[in-house]
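Student: Got a structure for you, questions after.
What follows draws every value from the coordinates through simple rules; no lab data is involved. On a predicted model such as this, the values are computed, not experimentally measured, just so you know. Note that each Cβ is placed from the backbone with ideal geometry, even for glycine, and that neighbours are counted across all protein chains shown.
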Amino acid sequence: MSTLDKVSVDIAVVLGTTAMPIHQVLRLGRGAIIELDAAEDDEVSILANNFPVAKGTVVVNGNRIAVEVKELLPRLPDAR
């Protein structure tokens, strides 16, 4: 088995962002709605270990949600 098979990568999908004062964040509770700067058809950013690696779209199939990769982002040159 390859050693890469044992490497774990955290994947995150960013649907949108917003900014709000800390006093509003502290008052958030269950059921709170946070409005994002995105529409439902907008692309999402796909991050690997908090580094942007791709863009995609949200796909809903029944009660399951997935992300379809549409574009791989270019890798930055190694900064050594």
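Student: How long are the three semi-axes of the equivalent ellipsoid of the chain, in whole Å, if each is the root of 5 times an eigenvalue of the C-alpha gyration tensor, listed from largest down? All intermediate terms of the calculation are to be shown ahead of the outcome.
Tutor: Values: eigenvalues 162, 68, 46 Å².
Largest first, the chain gives 28, 18, 15 Å.
Student: Farthest toward the dipole's positive end in the chain, which of Ile46, Ala66, Ile11, given Cβ charges of +1 (Lys, Arg) and -1 (Asp, Glu) about the Cα centre?
Tutor: Of the candidates, Ile11 comes out farthest on the positive side.
Student: Identify the trypsin sites (Lys or Arg not before Pro) of segment 20-55 meeting these criteria: DSSP loop state and at most 16 other C-beta atoms within 10 Å of the C-beta.
Tutor: Numbers: sites: Arg27, Arg30, Lys55; in loops: Arg27, Arg30.
Answer by residue number: Arg27, Arg30.
Student: Report the charge-dipole magnitude of the chain in Debye, nearest 20, computed about the Cα centre from +1 at each Lys and Arg Cβ and -1 at each Asp and Glu Cβ.
Tutor: Working: 8 positive and 11 negative charges, 72 e Å.
Rounded to the nearest 20 debye, it is 340 debye.
Student: Per DSSP H run of n ≥ 4, the term is -39500 (n - 2.57); total these for the chain, divide by its residue number, and report the mean residue ellipticity at 222 nm rounded to 500 deg cm²/dmol.
Tutor: Details: 1 runs with 5 residues, N = 80.
Roughly -1000 deg cm²/dmol at 222 nm, from the helical runs in the chain.
Student: Quick one: Karplus J couplings for segment 55-66, per residue in order, coefficients 6.51, -1.76, 1.60, θ = phi - 60°, nearest Hz, x for Gly and Pro?
Tutor: Calculated HN-Hα couplings, in order: 10, x, 10, 7, 10, 10, 10, x, 9, 10, 10, 9 Hz.
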